[in-house]
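Student: Mind having a look at this structure? Questions to follow.
The values are calculated or read from the model by the stated rules, or taken from the named source; none is laboratory data. Small disclaimer: the values here were computed from a predicted structure and weren't measured. Using ideal geometry, Cβ is built from the backbone for each residue, glycine included, and neighbour counts are taken over all protein chains shown. With ligands, DNA and RNA removed, areas are computed over all heavy atoms of the protein, side chains included. Shrake-Rupley method; radii C 1.70, N 1.55, O 1.52, S 1.80 Å.
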Amino acid sequence: MRGRVQDRDDRRTLREGRPAEARGRGRQDDDGRARGDTRGRQDDGPRRARPGERDRVPPRRPADGPRGPRGGDVPPPRGFGRRPPAPPRPPKPPLVLRLGSPRRRINIGLIGMTFVLSIFAGRLIQMQGLDSKVYEAAAVDQRQHVETIPAKRGSITDVNGHDLAVTVEARELSIDPSKITDAGVRAKAVKLLAQQLGKSEQDMAAKLARTDTRYQRLASDVDPLVASRLLQASIPALNAKKTYRRLYPGGDLAGSLIGFIGDEGKGLIGIERTSNKLLAGRDGQQRMEIGRDGQQIPMTSSQRTAPVNGQNVRLTLDRDVQWAAQKSVADQVKESGADSGTVIVMDVRTAQIVAMANAPELDLGNWRSAPASSQINKAAADVFEPGSTNKVITAAAALEAGMVTPDTVFEVPDRIKCYDQVLRDAHAHAAESMTFRQAMAESSNVATIMAARKVGSARLYAMLKAFGFGSTPGGGVPGAEAGLLPDYRKWSGSQSCTVAYGQGVSVTALQMASVYQTIANGGVKIEPQIVAGTTDASGRFVPAAPGKQTRVVSETTAKEITTMLESAVGEEGTGHLAAIPGYRVAGKTGTANRYDAALGRYDGYTASFVGFAPADDPRLVVLSVLQNPKNGHFGGQLAAPVFKDVMTFAIKSKKIPPTGSSATPVRTRAGE
């Protein structure tokens with residue numbers, strides 16, 4: 001009964017043109033088309049298909065439309081041929097992103113975490129297991145602080161133990177500028193530091209303005225009393241470290257010979273440099289572990305290596321003789337208007353240098369502002385043409401070869417031709433007969449050339465080499481040069497003559513003093529010595545090895561040359577101004593044209609005198625040289641008085657008495 005009533009209602013709805021779902025019974029299909037009772041199925045069950053219907057009508061999904069009496073869809077009414085218009089399609093629903101399985105996500109996360117943790121675990125094993133010692137050592141190094149404990153530099157003394165260079169205790173002051181933030185405190189600190197340290201306020205202000213650093217060194221050679229006053233002045237972050245400073249009590253006494261040290265504590269010139277290894281010693285070390293505050297960490301290890309202080313070096317110089325030599329040559333340099341001057345005093349028997357003076361001399365208390373020229377030890381480094389002082393070597397060669405004797409007579413004009421040159425004596429004179437002794441006393445160039453021609457260039461060259469020309473003197477004298485001695489096979493025609501009287505060959509003052517030490521020592525050459533010895537760690541004095549000895553000429557030749565040199569200081573000799581009352585003196589003057597390397601030509605003169613006393617028992621050799629004097633230029637005029645002053649002081653200082661003997665009468669002039 002219900003099915004029929006429903007069927008009628010559905011047909012009425014179709015006739016009226018309304019879809020079945022307008023009454024709340026129909027629904028749209030998935031494709032948006034309305035389903036009515038003519039196309040849907042009854043809810044009671046599927047309708048049985050008629051024969052052939054399966055082929056004509058496609059199967060449909062169950063619908064909520066009216067059902068037939070047998071459960072099938074109600075067929076459309078007869079005569080109804082057209083389908084009613086379908087409503088508009090609704091918009092498609094948005095796509096929904098479906099998430100994966102939560103279990104998969106958890107598994108992937110666990111795998112990632114395991115990988116990361118394994119890396120950390122491996123690194124931990126490496127650091128704490130395999131490389132633990134490496135990191136432990138690195139940590140110790142980071143905490144460990146190494147502080148150098150400076151060794152005390154040894155002293156330099158004269159032969160009697162008087163200090164020429166000494167090391168005293170000092171303080172190195174530093175500051176942490178980052179701790180001084182107040183402008184007023186900084187200004188007061190700058191003013192006080194500049195006043196006490198002898199520095200400029202600009203310099204101190206610049207150091208304290210470096211607030212980006214924690215360390216600024218203010219001074220390294222501060223007197224302990226000054227450092228103590230500054231520390232008590234409550235300057236923030238001011239620190240003092242124990243160190244040493246070098247003092248030179250003599251000022252300019254043997255300045256260029258002694259030398260000085262630099263800021264690093266190493267010798268730069270002179271004895272300070274050549275004996276640096278002995279003087280410096282060996283620094284010590286202090287190792288400790290410190291914290292961030294710079295203080296030592298309690299209960300940590302600390303190692304200390306004690307420093308080894310340097311040894312004292314004793315020189316052969318005599319402080320008093322050195323002072324007299326410097327004063328005498330400095331006075332003569334000033335009086336004569338010379339560029340420079342040199343004096344050497346040498347012990348005949350040991351070749352030890354008693355004095356080595358230069359003028360002008362280097363002031364060791366102000367060496368930083370001194371000109372570079374004053375830092376050269378001119379007595380050992382400056383080369384010059386010796387002039388007539390070189391004639392003793394020509395005489396030695398002639399006497400050793402047996403070609404002449406002191407009494408050999410020469411007919412001597414005042415000039416002689418040598419290849420393309422005409423060479424002259426210092427003073428014009430008529431041709432006269434001269435003994436070789438007289439020629440040496442009057443310093444005749446022409447007579448010396450005549451003797452050299454008898455010897456020959458080869459023998460003369462060999463004798464110059466034997467006396468040490470062209471080679472560096474031994475004995476450790478700082479800055480010693482070899483001079484210049486060309487091979488005789490390269491001598492020019494005129495040079496074969498000029499070398500005989502000291503032109504065309506270059507030497508140093510030290511080399512020329514060594515020549516006269518050889519003559520005074522009976523023909524035995526000894527290497528010059530400047531270091532007498534050293535003091536070891538126990539305070540025991542260890543003398544230096546004596547200089548090498550070499551016989552150059554026979555004792556007979558040396559004595560003959562000595563008598564000739566004694567005549568040169570006599571009344572008729574060119575060196576009479578060198579005579580010392582009560583003592584027999586032997587010596588020779590020298591006056592040579594001076595070669596100026598800066599000008600590239602000869603300019604001015606070199607005036608010199610060298611001799612020894614007492615002549616019959618030689619003890620000391622004194623050489624004086626003046627370079628480019630303006631007020632006169634002869635060696636007998638300028639250099640001989642310096643010799644006399646220095647030798648007189650030296651023999652009195654060394655308490656050398658006169659021998660009391662008189663010079664043996666000798667034949668000076670021909671025919672006497």
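Student: Count the lysine pairs in the stretch 370-470 whose Cα atoms sit under 20 Å apart, keeping only pairs 8 or more residues apart in sequence or on different chains.
Tutor: Eligible lysine pairs with Cα atoms under 20 Å apart amount to 5.
Student: What ranking do 241-251, 607-617 get when scored by the average of other Cβ atoms within 10 Å per residue, highest first?
Tutor: So the order, starting with the most tightly packed, is 607-617, 241-251.
Student: Once you keep just the Cα pairs under 8 angstrom separated by 6 or more residues, what percentage relative contact order results for the stretch 392-479?
Tutor: Once normalised by length, the contact order is 34 percent.
Student: Could you list, in their original order, any pairs among Lys559/Lys654; Lys277/Lys644; Lys179/Lys199; Lys191/Lys242; Lys334/Lys652 whose Cα atoms are separated by more than 30 Å?
Tutor: The pairs that break the limit, which is 30 Å between Cα atoms, are Lys277/Lys644.
Student: Here's a follow-up. Solvent-accessible area per residue for the stretch 209-301 at a 1.4 Å probe radius, Å²?
Tutor: With the other protein chains kept in place, the stretch 209-301 gives 60 Å² per residue.
Student: Still on this structure, please answer the following. Using the Cβ atoms and a cut-off under 13 Å, what net charge is assigned to the surroundings of Val642, where Lys and Arg are +1 and Asp and Glu are -1?
Tutor: Residues near Val642 contribute 0 overall.
Student: A further question on this structure: If you roll a 1.4 Å probe over the heavy atoms of the protein chains, what accessible area per residue do you get for the stretch 519-607, in Å²?
Tutor: 47 Å²
Student: Right, here's the next one. What shape does the stretch 514-672 take by its C-alpha gyration tensor, where a ≥ b ≥ c are the square roots of the eigenvalues and a/c under 1.5 counts as rounded, a/b above b/c as prolate, and the rest as oblate?
Tutor: Oblate is the answer for the stretch 514-672, as a/c is 1.5 or above yet b/c matches or exceeds a/b.
Student: Now for a different question. Rank by packing, highest mean first: peptides 568-579, 186-197, with packing defined as the count of other Cβ atoms within 10 Å averaged across residues.
Tutor: The packing order, highest mean first, is 568-579, 186-197.
Student: Tell me, what % of the accessible area of the stretch 207-286 is carbon and sulfur with a 1.4 angstrom probe?
Tutor: Solvent-exposed carbon and sulfur of the stretch 207-286 make up 45 percent of the total.
Student: How much net charge surrounds Val622 when only the other residues with a Cβ under 10 Å from the Cβ of Val622 are counted, with Lys and Arg +1 and Asp and Glu -1?
Tutor: Local charge sum for Val622: 0.
Student: Take peptides 622-629, 222-229, 86-93 and line them up by average Cβ neighbours within 10 Å, highest first, as a rough protection proxy.
Tutor: The densest-packed peptide leads the list: 622-629, 222-229, 86-93.
Student: I'd like the Karplus ³J(HN,Hα) series for the stretch 473-479: coefficients 6.51, -1.76, 1.60, θ = phi - 60°, whole numbers in Hz, and an x wherever there's a Gly or Pro.
Tutor: x, x, x, x, 6, x, x
Student: Quick one: Cα centre-to-centre distance for the stretch 590-664 and the stretch 405-464, in angstrom?
Tutor: Between the Cα centres of the stretch 590-664 and the stretch 405-464 lies a distance of 22 Å.
Student: Quick check: at a probe of 1.4 Å, how many percent of the accessible area of the stretch 554-658 sits on carbon and sulfur atoms?
Tutor: Heavy-atom surface of the stretch 554-658 belonging to carbon and sulfur, 1.4 Å probe: 52 percent.
Student: Calculate, for the stretch 328-429, the solvent-accessible area per residue in square angstrom, rolling a 1.4 angstrom probe over the heavy atoms of the protein chains.
Tutor: Per residue, the stretch 328-429 has 41 Å² of solvent-accessible surface.
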